[in-house]
Amino acid sequence: MATFTKNERLCGKKQVEQLFNEGKAFMAYPYRVLIHWVDDSNQEPCQVLVVVSKRSFKRAHDRNRIKRQTREIWRHKKELLYQELISSNKKCHLGLVFVGKQLPVYGELEKGINKLLKELGNHVGKNDGTRNDIAN
């Protein structure tokens, strides 16, 4: 299941607005992670949005590189979170906002993804699916 299909990407305007307006956030440096639990019956347990600020990285090729590497790491690491979500019958929208100020090394991105997956995995077991707060 090491794929990252169109269905796994969060791209609807209403869904993205809902994620940023109603989602709860936490830090897993170099990412600020937004999560919004949904009752949507989409096929995938989690839809992901990757964001890199134009203010921090003026050149498009730098932003694209960070997004590409983030998606690649997510593609390889998402399996454990998906198993947790499927077993607990939950679905979420996830926003990964890169907040670093310098071009990262691949290892830094991987550490951040590992940290956020651990945090989300711990939270999925505690959350009853009706609350949006990550800090419980």
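The values are calculated or read from the model by the stated rules, or taken from the named source; none is laboratory data. Quick caveat: nothing in here was measured; it's all calculated off a predicted structure. Heads up, the Cβs are rebuilt from the backbone with ideal geometry, glycines too, and the neighbour counts pull from every protein chain shown. Keep in mind that these areas ignore ligands, DNA and RNA; they rest on the heavy atoms of the full protein, side chains included. Shrake-Rupley method; radii C 1.70, N 1.55, O 1.52, S 1.80 Å.
Looking at segment 19-38, which of its residues are open to solvent by 70 Å² or more (accessible area, probe 1.4 Å) and part of a strand (DSSP E or B)? Reasoning before the result, please.
Kept after step one, since they are open to solvent by 70 Å² or more (accessible area, probe 1.4 Å), are these residues of segment 19-38: 20-22, 24, 27, 29, 32.
Answer for segment 19-38, where residues must be open to solvent by 70 Å² or more (accessible area, probe 1.4 Å) and part of a strand (DSSP E or B): Lys24, Met27, Arg32.
Go through segment 82-121 residue by residue and tally those that are open to solvent by less than 30 Å² (accessible area, probe 1.4 Å), closer than 23 Å to Glu22 by Cβ, in contact with a strand residue (DSSP E or B) (Cβ under 8 Å, 6 or more places away or on another chain) and of a type outside the set (A, V, I, L, M).
Residues that pass the stated criteria total 6.
Would you mind finding the one in Ser41, Ser56 that is more than 27 Å from Lys101 (Cβ to Cβ), small (Gly, Ala, Ser) and outside any strand (DSSP E or B)?
None of the others qualify; the one that does is Ser41.
Just give me the residues in segment 2-13 being open to solvent by 60 Å² or more (accessible area, probe 1.4 Å) and under 12 Å from the mean Cα position of the chain (by Cα), in sequence order.
The one that is open to solvent by 60 Å² or more (accessible area, probe 1.4 Å) and under 12 Å from the mean Cα position of the chain (by Cα): Arg9.
Residues to consider are Val50, Val16; find the one that is in a strand (DSSP E or B), open to solvent by less than 70 Å² (accessible area, probe 1.4 Å), farther than 24 Å from Gly125 by Cα and not charged (D, E, K, R).
Values: Val16 fails: in a strand (DSSP E or B).
On inspection, the qualifying residue turns out to be Val50.
Give the number of residues within segment 53-72 that are of a type outside the set (D, E, K, R), within 17 Å of the chain's Cα centre (by Cα) and either open to solvent by 90 Å² or more (accessible area, probe 1.4 Å) or under 24 Å from Val38 (Cα atoms) (or both). Steps first, please.
Within segment 53-72, the subset of a type outside the set (D, E, K, R) is 53, 56-57, 60-61, 64, 66, 69-70.
Those still in the list that are within 17 Å of the chain's Cα centre (by Cα) too: 53, 64, 66, 69-70.
With either open to solvent by 90 Å² or more (accessible area, probe 1.4 Å) or under 24 Å from Val38 (Cα atoms) (or both) added as a condition, the list becomes 70.
Qualifying residue count for the region: 1.
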